[in-house]
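Chemist: This structure is in structure tokens; I'll ask about it shortly.
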Amino acid sequence: MTNISITHTEGEKRIESLLGKLPASEFHCYAEPRIDSSFTTSRYPDFVILWRQKGLIALEVKDWQEIKGGNQRQVTIVTRQHEEVQKENPVMTARQYSFNIKNLFEKRRELLTYYDGQERLQFPCESLVVLPFIQKSTISALESVNIFPENTVLSWDDCLSVDTFQTALERMRWTFLIGEPISEVQMEVIQHTLHTVEVRVKRENALSSTESVDGEKRGDLTESQEQIIFSPLPRLESSFYTHLVRGVAGSGKTVVVTKRAELLAKLRPDLRILVMAFNLDLAKDLRKRITNKHIVVSAFYDICKTVLGDKYPQGDKYNDELSPLTIRSWVKQNQELFSGSSLTADFASQEITRRKDKLLHTDKQYSADLHERQVFLDESTIQDLCAIYELYKDHQDALKASGEEWADWEDVPELTRQALIKRHKLLRYYDVIMIDEAQDMAPSWMQVTKQLLKPGGYLLLCDDPVQSLWRSFNWKAKGITEQKVDTLALPLRTTGAIADLAQSLFDIAPEMHVDFDWDGYPFRTDHLMPGTLPVLRQFASEEVEQTTILKLVQDRIAGGTPGHQIAIFYPSVSQNKFWEIPLLKKLEVYTRNFNKIKGMEVERVFVTNLHYLFNDIQGNNGIALLNAIRKLFVATTRARIELHISFVGELPEKLAPFQSYAQVYSEDS
């Protein structure tokens, strides 16, 4: 903790010296911490002592030389100019400081505990006055006439040495005794709450200024990340508190989620905490990062499966398990229904999904939604989309009437919500819910999330609208209208060269960086290591592309890069099954299609078969183009130090700006 320059009186300097000599294992002392409570703004007590075995003490120090008398509200002092002056009784001043500190801490639920059925602060906040130039006999006389309460004012005699000072502290009376010493995790939170700087002479056993709650150095966190991780967990009686963390790609949103969850779990083991992601891969990654067994980490649909039990839809298979039906499967099986239009199966299924996610039951509602998104499709395309939607609804109705499984993935959230409100055990169950990659959460998903959260609960949402691969809704559409917003504006993951190439995509699709309700792009890159230019490779055939990329991957592993620090990303087409070969699995190389690349990072990334990503995009389909570009942006920003992008044939025309930010190679070079 860095020392700051504070101008002290002679008495304050004397007390600061004593505080710095108290045993570091028990006492942490702070000079002029800032108190921002509902009763006062930026008030600064002279010192605060955090006594791990007892609680907190607010110290008021006065350099008075003589006290003539007074009462419980005021005392009469004699100045150096021999004038008698009325001053507020310092006991009242010190009590006000401790009251304000207590009020501030009581608004942080992570510093509370249950006692007699109610939440209260885990430790007492007391007050103390120090008069280092007044004799003990004078203090005793004032105590005898009830001007000073007993053992609340220290005298010159108590400040002769650190031993006499500590002995005087031990005579204090405490409102209540704590069961366990204040933990280092609690001390971190207290310090952040009071914006404190510790008073400490250097010693070997003092708490390191870089020590973090999990043993890592605090220097590993940016100031913005740290402020979010240690931000107050508010105490509410009803509704819930929404904390939205918006961050650019690679800015550490997942770090904030995991470390904040761990911190709250350590401070309040009684709180029920759920950390959630929208898919299985993300949830798996979060489970690796979060070690506290009291924290529930789950994919959204696994929560739905828990709630629905044997009523969970099982009409299809996903990852070798029975699962709900898939809209895209039905659309692909019925492509003849729109063979004469410019629609693709991906786009048609995506728009049906959006209508169900947002409950756009009528064609008029859907047309209004297209207008709101500024998506300009020709009238015949809109009519085709509406007709396919009606046919799909008829298909589901027919399945339902015949007693077959009819529900798809988009029906599951509403089924879950209905099951919850029938007094399911998870209804209003969690005190804290944190969601990573929340931009892909649908409005129906948020309704379920709200049902899971207790009144007065805390909801943390980390998102980046530019990385919306599955769904694009602003938070108002998701039912979130009031929230505290923090921003992580600087990327930390990648190099400047890779970031510059990724951001050239904003030249291709300017609407990417003005996405609904946040404009976080383009971001700064001058703080990043420059790095080497990404490589753009052109091939004449997929066979040569596959052979070349496979050799490059093997060369990187032979050169010392672990296989799990290499990823191969590809569009979701049947031809790309090549990348799932046993050799790559044995080498532990991460191979995924573009739909499964969120929330991860590796040293080296190979983006392959780029030609497929843009092949099916029609000229009038701005939504599909934007989705393709978003997938490419997310894929490129997964790389820390090396990025290769390859394609067969000609570079898609839309990606021409890439050539200015990459080393370009053809098959023969």
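The numbers here are math on the coordinates, done by the rules we state, and not lab data. Everything quoted here is computed from the prediction, not taken from an experiment. Reconstructed Cβ throughout: ideal geometry from the backbone, glycine too, with neighbour counts over all protein chains shown.
Chemist: Rounded to the nearest 0.05, what FRET efficiency is calculated for Ala558 and Ser183 with R0 set to 60 Å and r the Cβ-Cβ distance?
Modeler: Values: r = 47 Å, r/R0 = 0.78.
Computed FRET efficiency for Ala558 and Ser183: 0.80.
Chemist: Still on this structure, I have one more. Taking Cα pairs under 8 Å and at least six residues apart, what relative contact order does region 326-406 come out at, in percent? Show your work: numbers first, answer last.
Modeler: On the way: 37 pairs, mean separation 23.9, N = 81.
Rounded, it is 29 percent for region 326-406.
Chemist: Just to be sure I understand the model, the point goes 7 Å from the Cα along the line to the Cβ. What's the resulting Ala489 to Glu379 distance in nm?
Modeler: Placing both labels 7 Å beyond Cα along the Cβ direction yields 4.7 nm.
Chemist: Another question, then. Return, for the Cα atoms of region 221-363, the radius of gyration and Dmax in Å, separated by a comma.
Modeler: Gyration radius and largest Cα-Cα distance of region 221-363: 20.1, 61 Å.
Chemist: What length, rounded to one decimal in nm, is gained on full extension from Glu414 through to Lys586, with 0.36 nm per residue of separation minus their alpha-carbon distance? Mind showing how you got there, number by number?
Modeler: Numbers: separation 172, 0.36 × 172 = 61.92 nm, distance 4.08 nm.
Here the answer is 57.8 nm.
Chemist: Before anything else, pin down the relative contact order of region 496-665: Cα pairs under 8 Å, at least 6 apart, normalised by residue count, whole percent.
Modeler: Working: 251 pairs, mean separation 62.6, N = 170.
For region 496-665, the relative contact order is 37 percent.
Chemist: In Å, the Kirkwood hydrodynamic radius of region 398-556 over pairs of distinct alpha carbons? Provide the component values of the computation, followed by the final result.
Modeler: Working: mean 1/r = 0.0503 Å⁻¹.
That comes to 19.9 Å for region 398-556.
Chemist: Starting from region 345-417, pick out the GluC sites (Glu not before Pro) whose DSSP state is loop and whose Cβ has at most 13 other Cβ atoms within 10 Å.
Modeler: Working: sites: Glu351, Glu372, Glu379, Glu390, Glu404, Glu405, Glu410, Glu414; in loops: Glu404, Glu405.
The qualifying sites are Glu404.
Chemist: Residue-wise, which Karplus ³J(HN,Hα) couplings in Hz belong to region 348-353, taking 6.51 cos²θ - 1.76 cosθ + 1.60, θ = phi - 60°, and x for glycine or proline?
Modeler: Each residue of region 348-353 in turn: 4, 5, 5, 6, 4, 4 Hz.
Chemist: Here's another thing I want to ask about it. Scan around Val130 for amide H atoms under 5 Å from its own, H built in the peptide plane at 1.01 Å from N, and keep only partners 5 or more places away or cross-chain.
Modeler: The answer is Glu60, Val61, Lys62, Leu154.
Chemist: Per residue, what volume in Å³ does the convex hull of the Cα atoms of the chain enclose?
Modeler: Details: hull volume 127.9 nm³, N = 669.
Per-residue hull volume (Cα only) is 191 Å³.
Chemist: Over the alpha-carbon set of region 47-138, work out the extent along each principal axis and list the three values in angstrom, largest first.
Modeler: Here the Cα extents, ordered largest to smallest, are 54, 23, 19 Å.
Chemist: Right, here's the next one. Can you work out the Karplus-derived ³J(HN,Hα) for every residue in region 131-138? Use 6.51 cos²θ - 1.76 cosθ + 1.60 with θ = phi - 60°, whole Hz, and x for glycine or proline.
Modeler: Each residue of region 131-138 in turn: 10, x, 10, 10, 5, 4, 4, 5 Hz.
Chemist: Within the P(r) computed for region 496-665, what percentage of the Cα pairs occupies the region above 29 Å?
Modeler: Details: 2227 of 14365 pairs.
I get 16 percent for the Cα pairs in region 496-665 exceeding 29 Å.
Chemist: A follow-up question, please. Based on Cα coordinates alone, diagonalise the gyration tensor for region 10-199, multiply each eigenvalue by 5, take square roots, and list the semi-axes in whole Å, largest first.
Modeler: They are 29, 18, 16 Å, listed from largest to smallest.
Chemist: Which peptide among 282-292, 627-637, 56-66 comes first, and what is the full order, when sorted by highest mean count of other Cβ atoms within 10 Å? Display every interim value, and only then the final one.
Modeler: Numbers: 282-292: 16.9, 627-637: 23.3, 56-66: 20.7.
So the order, starting with the most tightly packed, is 627-637, 56-66, 282-292.
Chemist: Continuing with this model, one more query. For region 83-97, just list the computed ³J(HN,Hα) in residue order, Karplus coefficients 6.51, -1.76 and 1.60, θ = phi - 60°, integers in Hz, with x standing in for Gly and Pro.
Modeler: In residue order, the calculated couplings are 9, 8, 10, 7, 10, 4, 4, x, 4, 5, 4, 5, 4, 5, 4 Hz.
Chemist: Please list, short to long, the whole-number percent of alpha-carbon pairs of region 308-425 in consecutive 5 angstrom bins beginning at zero.
Modeler: Over region 308-425, the share of Cα pairs per 5 Å bin runs 2, 10, 19, 21, 19, 13, 9, 5, 2, 0, 0 percent.
Chemist: Rounded to the nearest 10 degrees, what's the angle between the helix 184-194 long axis and the longest principal axis of the chain, both from Cα atoms, 0 to 90?
Modeler: That helix lies at roughly 80 degrees to the long axis.
Chemist: Which cross-chain or sequence-distant (5 or more) residues have an amide H under 5 Å from the amide H of Met434, H modelled 1.01 Å from N in plane?
Modeler: Leu274, Val275, Met276, Leu460
Chemist: Follow-up question, since we're still on this one. Could you pull out every one of the lysines with an alpha carbon less than 28 Å from that of Lys585, ignoring same-chain neighbours closer than 8 positions?
Modeler: Hits, sequence-local ones excluded: Lys284, Lys288, Lys317, Lys551, Lys577, Lys596, Lys598, Lys631.
Chemist: log10 I(q)/I(0), Debye, Cα-only region 541-589, no solvent, q = 0.13, 0.18 Å⁻¹?
Modeler: These q points yield log10 I(q)/I(0) values of -0.29, -0.55.
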